[in-house]
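Just below is one structure, and these are the notes that go with it.
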Amino acid sequence: MTEENLTDCNIIFYCKDCEEIVETNRVGKKYVYTCKKCGTKNVAFGTQKSISSFFRLDEPKPGEKKTIAK
């Protein structure tokens with residue numbers, strides 16, 4: 001998969017340290033990315049659906065109120 005294909009597939013990057021969707025820099029020619037915000041390599045990538053499902057982004061964190069969209 002080339003860099004152009006990643007943008008065509010709506011691939012997003014999730015920093016496990018920042019706990020949010022971030023922009024990244026690619027490291028070398030491998031599928032390793034660094035977070036532009038904190039600089040770590042602890043970044044996962046996938047589609048919006050897979051990342052939000054795996055990391056439970058739609059659910060509120062403990063102690064937060066659940067907002068209901070009307």
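Quick check: residue separation of Arg26 and Lys49 times 0.36 nm, minus the Cα distance between them. What number comes out in nm? Numbers along the way, then the final one.
Values: separation 23, 0.36 × 23 = 8.28 nm, distance 2.22 nm.
Roughly 6.1 nm would be gained on extension.
Between the listed residues Ile21, Tyr33, Phe45, the Cα displaced farthest toward the positive end of the dipole of segment 3-54, a dipole computed from Cβ unit charges relative to the Cα centre, is found at Tyr33.
Computed from label points 7 Å out along Cα-Cβ, the spacing between Lys41 and Arg56 is 2.9 nm.
From Cα pairs below 8 angstrom and at least 6 apart in sequence, can you work out the relative contact order of segment 3-54, rounded to a whole percent?
35 percent
Read-outs: derived from the displayed coordinates by stated rules, not from any lab. Note that the structure is predicted; figures quoted are calculated from it, not measured. Every residue, glycine among them, receives a Cβ derived from its backbone with ideal geometry; neighbour counts consider all protein chains shown.
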